[in-house]
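One structure is given here, and the rest of the page talks about it.
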Amino acid sequence: MAGSADRHAETAPSSAETAGRQAHRSPRSAARHQSTASPLIAAEATRTGAEPDRPEGAAVSTTAAEIAEAWRRERPGTPVDSIEVFTPIVRLAKMLGDDRARVLRAAGIDRATLDLLSVLRRSGAPYTLTTRQLTERTLVTAGAISQRVARAEREGLVTRAPDPVGRKAVAVALTDAGHAVVERSVDAVLGRDSELLGGLSAEEREVLIPLLGKLEAFVRAQSL
């Protein structure tokens, strides 16, 4: 804390310097500075993902509509049609990610391991997939899958063996211990997700689901 305070003291302008700048600023300039500085700073911070630090759980002070309006006012012609769509999505992703991390910590499992076990569990009995199939279904690299499988194997959650069907393929199977872990963890994760959806009615969810799917498919196609 002391080091941080010293660095701040070195870089922050003195009160005399601040007063001098304010004294030389014209009334019109001062008024413009007061009326536009905060919205523009907040707008830029949100667009770049670098929102000002605030206590965890504190309300967001700048709405997406306010950010868009600030850009329209200060930079006419700037394309702002994405702001009121993507800003809430980005903010939701951050909040949901943080919430999911808390649930996983309480369940005693990490996100990567749960992802691996869940894919195997959803495949149905005998809960076995090749490493190639795991790579395709989890959308991560083959190297990442190898690391996840190795870690889960050390913990007794999966086993590895040569695939009797595919040449040079490796089959990964869910163990009884892995099955128990995924059953418990999925209940905790999906139960919490259901709670967070409580703000939307069943009808609103039916409208939102296909729209999110359509947007996801389009953005993925643009990223290829």
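Below is a table of values for the structure above.
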| item | result |
| --- | --- |
| Restricting segment 101-147 to residues that are farther than 20 Å from Ala188 by Cβ and either in contact (Cβ under 8 Å) with a residue 60 or more places away in the chain or among the basic types (Lys, Arg) (or both), the residue that is surrounded by the fewest Cβ atoms within 10 Å (Cβ to Cβ) | Arg132 |
| Qualifying residue in segment 149-163 (condition: β-branched (Val, Ile, Thr), outside any helix (DSSP H, G or I), at pLDDT below 95 and touching a Gly at 6+ places or on another chain (Cβ under 8 Å)) | no |
| Matching residues in segment 90-100 - criterion: being touching a residue at least 60 places away in the same chain (Cβ under 8 Å) and not aliphatic (A, V, I, L, M) | Asp99, Arg100 |
| When residues of segment 178-216 are limited to those that are of a type in the set (Gly, Ala, Ser) and surrounded by 10 or more Cβ atoms within 10 Å (Cβ to Cβ), the one nearest to the chain's Cα centre (by Cα) | Gly213 |
| Residue among Leu212, Leu129 that alone is under 29 Å from Leu92 (Cβ atoms) and either modelled with pLDDT of 90 or more or in a helix (DSSP H, G or I) (or both) | Leu212 |
| Qualifying residue in segment 65-78 (condition: in contact with a His (Cβ under 9 Å, 6 or more places away or on another chain), surrounded by 14 or more Cβ atoms within 10 Å (Cβ to Cβ) and in a helix (DSSP H, G or I)) | no |
| Options Arg121, Arg137: the member that is modelled with pLDDT of 95 or more, touching a helix residue (DSSP H, G or I) at 6+ places or on another chain (Cβ under 6 Å) and closer than 26 Å to Gly213 by Cβ | Arg121 |
| Test result for Arg154, surrounded by 13 or more Cβ atoms within 10 Å (Cβ to Cβ) and free of Cβ contacts under 8 Å to residues at least 40 places away in the same chain | no |
| In segment 168-209, the residues that are of a type in the set (Ser, Thr, Tyr) and either under 22 Å from Ile145 (Cβ atoms) or in a strand (DSSP E or B) (or both) | Thr175, Ser185 |
| Candidates Gly143, Gly178, Gly156, filtered to the one that is touching a strand residue (DSSP E or B) at 6+ places or on another chain (Cβ under 8 Å) and among the small types (Gly, Ala, Ser) | Gly178 |
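The values are calculated or read from the model by the stated rules, or taken from the named source; none is laboratory data. Note that the structure is predicted; figures quoted are calculated from it, not measured. FYI the Cβ positions are ideal-geometry reconstructions off the backbone, even for glycines, and counts take in every protein chain you see.
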